[in-house]
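Undergrad: Shown below is the structure under consideration.
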Amino acid sequence: PIWRLAVLWDRVTMTCQGLGTASATTWYKNGQSWFQPGLDRFTVTQSGTYECDRSGTGCSPPVTVSNARLVLQVPAQDLLEGDTVTLRCRG
């Protein structure tokens, strides 16, 4: 997602890219191996923190998906002091 905190009601789809085939993908939810055999993409239906892993590529950065009724979102990019940033409050 383009925002740091994604929300379920945005219909978030996770996609794992890297070396190897889709069948080599392992998904993690909240730090635990999560059963999604052979899928390199899926639509998130539960809140949590997701990561994927492929042999030879390593683990992806974590993506958190919330089910909160009100969220403050920040662009998903590195920010430095003095940068102009757009915040988005949604509910």
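The values are calculated or read from the model by the stated rules, or taken from the named source; none is laboratory data. Remember, it's a predicted structure, so these values are computed and weren't measured experimentally. Backbone-built Cβ (ideal geometry, glycine too); neighbour counts: all protein chains shown. To get the accessible areas, we keep the full protein, side chains included, count just its heavy atoms, and leave off ligands, DNA and RNA. Shrake-Rupley method; radii C 1.70, N 1.55, O 1.52, S 1.80 Å.
Undergrad: Within the range 47-59, can you find the residues that are among the hydroxyl-bearing types (Ser, Thr, Tyr) and closer than 23 Å to Ser23 by Cβ?
TA: Tyr50, Ser55, Thr57
Undergrad: A further question follows. Filter the range 60-91 down to residues that are in contact with a Ser or Thr (Cβ under 9 Å, 6 or more places away or on another chain) and within 23 Å of Leu19 (Cβ to Cβ), then give me how many there are.
TA: Qualifying residue count for the region: 2.
Undergrad: When you look at Val63, is it without any contact (Cβ under 8 Å) to a residue 60 or more places away in the chain and crowded, with 17+ Cβ neighbours inside 10 Å, yes or no?
TA: Working: without any contact (Cβ under 8 Å) to a residue 60 or more places away in the chain: no; crowded, with 17+ Cβ neighbours inside 10 Å: yes.
Answer is no for this residue.
Undergrad: If you don't mind, another one. Say whether the condition of being assigned to a loop (DSSP other than H, G, I, E, B), among the basic types (Lys, Arg) and out of contact with any helix residue (DSSP H, G or I) (no Cβ under 6 Å at 6 or more places or on another chain) is met by at least one residue in the range 16-34. Before you say what the answer is, go through the steps one by one.
TA: Of all residues in the range 16-34, those assigned to a loop (DSSP other than H, G, I, E, B) come to 16-21, 30-31.
Now narrow it down to the ones that are among the basic types (Lys, Arg): none.
Checking the range 16-34: not a single residue is assigned to a loop (DSSP other than H, G, I, E, B), among the basic types (Lys, Arg) and out of contact with any helix residue (DSSP H, G or I) (no Cβ under 6 Å at 6 or more places or on another chain).
Rundown of residues vs (1) surrounded by 15 or more Cβ atoms within 10 Å (Cβ to Cβ); (2) more than 11 Å from the chain's Cα centre (by Cα); (3) hydrophobic (A, V, I, L, M, F, W, C), yes/no style:
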position	(1), (2), (3)
Val7	yes, no, yes
Thr13	no, no, no
Cys16	yes, no, yes
Leu19	no, yes, yes
Ala24	yes, yes, yes
Lys29	yes, no, no
Gln36	yes, yes, no
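Undergrad: Next question, about the same structure. Which pairs do you get when a residue that is in contact (Cβ under 8 Å) with a residue 12 or more places away in the chain, found in the range 73-88, comes within reach of a residue that is among the charged types (D, E, K, R) and open to solvent by less than 70 Å² (accessible area, probe 1.4 Å), reach meaning Cβ atoms under 9 angstrom, with the pair 6+ apart or on two chains?
TA: From the range 73-88, the pairs are Gln73/Arg90.
Undergrad: For the range 35-79: of the residues being assigned to a strand (DSSP E or B) and in contact with a Leu (Cβ under 7 Å, 6 or more places away or on another chain), which is nearest to Trp3 (Cα to Cα)?
TA: Out of the qualifying residues, it is Gln73.
Undergrad: What number of residues within the range 38-52 satisfy the criterion of being open to solvent by less than 40 Å² (accessible area, probe 1.4 Å) and touching a Cys at 6+ places or on another chain (Cβ under 9 Å)?
TA: So the answer is 1.
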